[in-house]
Amino acid sequence: EDDAIPRDVLKQKLAEGNYDGIIPMLTDKIDREILDIAGDQLKIVSNFAVGYNNISVSDATEKGVMVTNTPDVLNDSTADCAFMLMMAVARRLVETDKIVREGKWENPWGPKMFLGSDITGKTLGILGMGRIGVEMVPRAKGFKMKVLYNKHNRYDAEKEQALGVEYRDMDDLLRESDFISLHVPLTKETTHLIGEREIQLMKPTAFLINTARGPVIDETALYKALSENWIAGAGLDVHDVEPTTPQTNPLLSLDNIVVAPHIGSATVDTRLAMAMRAATNVVAFLKGKQPPDLVNPEAVADTTK
């Protein structure tokens with residue numbers, strides 16, 4: 001089923017039984033309390049996601065619990081989603097679809113009707129050049145885009161040349177890019193990475209795309225920026241609070257934003273591959289092997305205690 005296990009039910013199940021492993025979804029918070037209830041029997045938490053900010057990795061490591069994720073298998077689908085949002089918001093697809101469906105398309109055609117923005121030949125700035133960020137590059141090159149990037153550890157010149165990308169510090173990337181796509185993990189350092197200051201550095205014709213995690217953007221600042229036309233628009237697949245609703249999120253009242261309900265990896269093939277990856281990590285552990293997608297290898301030694 002799609003619904004997360006209610007926390008009280010999860011706590012009850014863990015207290016009643018001896019479980020070697022848990023396969024949580026990103027909506028399941030695996031913190032110190034859950035780990036303590038699970039007890040010493042628990043040895044692996046195999047996250048059904050590539051991000052693992054829902055898990056207290058430090059607490060898991062301290063208790064000798066391995067944490068794994070599902071990298072690589074969702075790179076393409078998430079990059080596709082980011083590019084989809086870019087195209088949809090730039091060409092005003094959702095806004096104009098609504099106009100047609102509501103019977104408000106009155107003039108058949110006009111030279112200034114429903115004008116959007118070009119993508120071909122523009123500049124894409126990628127913040128966070130990990131696996132998914134790298135997959136944005138060939139998609140952008142297919143649209144003849146110039147690609148700038150920023151990451152914690154800059155690539156060497158040979159790799160930059162091979163990818164066809166140019167490094168910029170974050171401020172310069174924000175200033176120069178027509179589209180900015182976020183692909184950073186959610187950490188203390190990246191929470192509200194994009195706020196008023198950063199948005200004010202962007203071009204008034206620029207678009208902000210987020211398929212990473214919602215709290216990477218300060219949504220209050222983004223609402224102010226979009227409602228006052230500091231930038232042209234935004235495309236969000238992730239949100240500060242999920243699910244988000246029109247009653248709680250003023251961003252949903254704006255026309256210059258396209259929103260999706262966290263569907264970056266939501267394809268049949270990708271979700272099946274993620275499930276297999278999560279299961280493979282557990283099976284490896286049960287066979288006495290190191291799981292292939294271990295994110296806290298320092299916990300491995302403790303599992304033998």
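The values are calculated or read from the model by the stated rules, or taken from the named source; none is laboratory data. Here the structure is a predicted model, which is why all the values come from computation and not from measurement. With ideal geometry, Cβ positions are generated from the backbone for all residues, glycine too; neighbour counts draw on all protein chains shown. These area figures cover heavy atoms from the full protein model, side chains too; ligands, DNA and RNA do not enter into them. Shrake-Rupley method; radii C 1.70, N 1.55, O 1.52, S 1.80 Å.
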Exercise for the section: Among residues belonging to region 206-225 that are surrounded by 22 or more Cβ atoms within 10 Å (Cβ to Cβ) and β-branched (Val, Ile, Thr), point out the one that is nearest to Val50 (Cα to Cα). Expected result: Thr211
Fill in the blank from the handout: From the option list His192, His183, single residue qualifying as touching a residue at least 24 places away in the same chain (Cβ under 8 Å), at positive phi and either touching a Lys or Arg at 6+ places or on another chain (Cβ under 7 Å) or not charged (D, E, K, R) (or both) is His192
Problem - One residue from Thr78, Thr123, Thr96, Thr27 being surrounded by fewer than 20 Cβ atoms within 10 Å (Cβ to Cβ), within 19 Å of Leu182 (Cα to Cα) and of a type in the set (S, T, N, Q) - result: Thr123
Completion exercise
Reported set for region 199-258 where residues are of a type in the set (Gly, Ala, Ser), over 21 Å from Leu93 (Cα atoms) and touching a residue at least 40 places away in the same chain (Cβ under 8 Å) is Ala212
Handout entry: Hits in region 83-111 (condition: among the small types (Gly, Ala, Ser) and either in contact (Cβ under 8 Å) with a residue 12 or more places away in the chain or in contact with a helix residue (DSSP H, G or I) (Cβ under 8 Å, 6 or more places away or on another chain) (or both))
Key = Ala88, Ala90
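What are the residues in region 255-281 that are polar (S, T, N, Q) and either touching a strand residue (DSSP E or B) at 6+ places or on another chain (Cβ under 6 Å) or under 18 Å from Pro243 (Cβ atoms) (or both), if any? Show your work before the answer.
To start, the set of residues in region 255-281 that are polar (S, T, N, Q) comprises 256, 265, 267, 270, 280-281.
Passing the criteria: Asn256, Ser265, Asn281.
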Completion exercise
Residue set Val134, Val147; condition within 20 Å of Ala212 (Cα to Cα), in a helix (DSSP H, G or I) and either of a type in the set (Val, Ile, Thr) or without any contact (Cβ under 8 Å) to a residue 12 or more places away in the chain (or both); output residue Val134
Exercise for the section: Having 3 or more residues that are under 30 Å from Gly142 (Cα atoms) is the bar; report the helices (runs of 4 or more DSSP H) wholly within region 45-118 that clear it. Expected result: 75-90, 93-101
Problem - Pairs, first in contact (Cβ under 8 Å) with a residue 24 or more places away in the chain in region 3-17, second in a loop (DSSP other than H, G, I, E, B) and of a type in the set (Val, Ile, Thr), C-beta under 6 Å, six or more apart - result: Ala4/Thr27
Problem - Residues (more than 15 Å from Val50 (Cα to Cα), in contact (Cβ under 8 Å) with a residue 40 or more places away in the chain and open to solvent by 30 Å² or more (accessible area, probe 1.4 Å)) located in region 291-300 - result: Glu298, Val300
Completion exercise
Sole miss for Leu35 among (1) out of contact with any Leu (no Cβ under 9 Å at 6 or more places or on another chain); (2) surrounded by 14 or more Cβ atoms within 10 Å (Cβ to Cβ); (3) in a helix (DSSP H, G or I) is condition (1)
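Sort through Glu242, Glu228 and tell me the only one that's closer than 24 Å to Thr78 by Cα and surrounded by fewer than 17 Cβ atoms within 10 Å (Cβ to Cβ).
Just a single option satisfies the conditions, and that option is Glu242.
So that you can scan it fast, the table gives a plain yes or no per residue for (1) open to solvent by 30 Å² or more (accessible area, probe 1.4 Å); (2) of a type in the set (Gly, Ala, Ser); (3) in a loop (DSSP other than H, G, I, E, B); (4) in contact with a Pro (Cβ under 9 Å, 6 or more places away or on another chain):
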{"position": "Pro204", "(1), (2), (3), (4)": "yes, no, yes, no"}
{"position": "His262", "(1), (2), (3), (4)": "yes, no, yes, yes"}
{"position": "Arg271", "(1), (2), (3), (4)": "yes, no, no, no"}
{"position": "Ala275", "(1), (2), (3), (4)": "yes, yes, no, no"}
Handout entry: Hits in region 56-70 - residues which are free of Cβ contacts under 8 Å to residues at least 40 places away in the same chain and either open to solvent by less than 10 Å² (accessible area, probe 1.4 Å) or polar (S, T, N, Q) (or both)
Key = Ser56, Ser58
